[in-house]
């Protein structure tokens, strides 16, 4: 084979990052496919590659016979001795095949196409094998193009795709931007393997922390749970196996340098780092920070908690559009119902007034009542809020019985609430009437002024006031002046 062909094969192997032997085997297969179009029998065709001279030789092995009956597998003695002068009848001779002459131009083009196809398949397999082992790790690349919102990323040896749904909301990319993402999956397709990337997966955030915080990479600090709303806010629960190391402080870093690096990578996503606790009540309390928890009720069978916070901290605990409450629930794995301290006290008061022992419900005997009480379901209200999954865990209760009991409890509670609301309404009306009567008595004129005899009413006669006569005032003043002058003359006289 010509040297330039071997050199081209070497170049293909280098560009596609494929072993040269794999390209060589592919070429052999392509030439053999071309040979099958000419020869009916190809099992006697073989190849030899001279690595020293970079030559690939294609040969066909034939048996030396006196009379040739099948030229594909037999050769005459005279022809055999032209190849090897010492050849004899019965020997096997390797005859060189000049494929350019033997197969023709079309066959060579076919072999070339097969070679290209095989190289592509080998490249796809190589990319798939390489990246399937990298699923669950970080990848870094350059934005190659943006197609209908999907970002195509050049990963070096392969190509990745960052779908719209795996992008952080309001995040923009331009061609040439460097991007870091989490390898979510590797999928085979007709166009080759697709490396699916993600920047919204919780594991992407975990990987970033492992990259920025050496204690996490060394597994001194462990990330126990992550709850995230990409681009908005995230909560991360951390735990340290070394009591001397503060897990929150280590993740935040000096002056927040570690966590701020992650925040910038996540398009300014706010990150709350929460110290993990195996105690569910403590864990939920920490997850709801900075709001202060005043009371907390735990319902283990339903994985629910009712949490009461200070009245002025209610909005802080719930967060904007309930975000803080949702993230706390995802982080802890508990369904969290948040209410103010005032609401909690009112609900407890109402619950105490309406509380009915579960044994009073029709269809519940002493044994079932005892078993329900052991499962912390001692009232009809608790039974109404229980799930079927919770009840069937109790010995002696099947699914149909559980569904029936819950339905009865809900009806009973609805009747109790209706009666309670009616009484509360009547009470409110009575209080309103009492207030109105008190107000009327307080504003009664007879009660306020009954001892005041000088009080003037509209019915009393009052003299009409008249304007003063200024002439009379001047004459009086003149007479007083004359009297004063006469008294003065008498004293001096």
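The values are calculated or read from the model by the stated rules, or taken from the named source; none is laboratory data. Everything numeric here is computed off the predicted structure, so don't read it as measured data. When we count neighbours, we look across all protein chains shown, and the Cβ atoms used for this are built from the backbone with ideal geometry, even at glycine.
Within the range 305-314, being touching a residue at least 12 places away in the same chain (Cβ under 8 Å) and either farther than 30 Å from residue 373 by Cα or part of a helix (DSSP H, G or I) (or both) holds for 310, 311, 313, 314. Of all the residues in the range 376-386, those that are assigned to a loop (DSSP other than H, G, I, E, B) and either crowded, with 20+ Cβ neighbours inside 10 Å or at pLDDT 80 or above (or both) number 2. Of the helices (runs of 4 or more DSSP H) lying entirely inside the range 1-112, those containing at least 1 residues that are in the same structural domain as residue 125 (by TED's automatic domain parsing) and modelled with pLDDT of 80 or more span 77-83.
In the set 212, 218, 171, only one residue is modelled with pLDDT under 95, surrounded by 18 or more Cβ atoms within 10 Å (Cβ to Cβ) and out of contact with any strand residue (DSSP E or B) (no Cβ under 8 Å at 6 or more places or on another chain); that residue is 212. Counting only strands (runs of 3 or more DSSP E) wholly contained in the range 192-255, the ones carrying 1 or more residues that are farther than 28 Å from residue 129 by Cβ and in contact with a helix residue (DSSP H, G or I) (Cβ under 7 Å, 6 or more places away or on another chain) occupy 221-229, 233-240. The condition (being surrounded by 14 or more Cβ atoms within 10 Å (Cβ to Cβ), in contact with a helix residue (DSSP H, G or I) (Cβ under 8 Å, 6 or more places away or on another chain) and without any contact (Cβ under 8 Å) to a residue 60 or more places away in the chain) is satisfied by just one residue among 328, 366, 317: 317. Taken over the range 334-363, the residue count meeting the criterion of being surrounded by 12 or more Cβ atoms within 10 Å (Cβ to Cβ), modelled with pLDDT under 80 and in a loop (DSSP other than H, G, I, E, B) is 3. Does residue 141 satisfy the condition of being in a loop (DSSP other than H, G, I, E, B) and modelled with pLDDT of 80 or more? For residue 141, the condition - in a loop (DSSP other than H, G, I, E, B) and modelled with pLDDT of 80 or more - is not met. Among the residues of the range 282-304, those identified as assigned to a helix (DSSP H, G or I) and loosely packed, with under 15 Cβ neighbours inside 10 Å are 282, 300.
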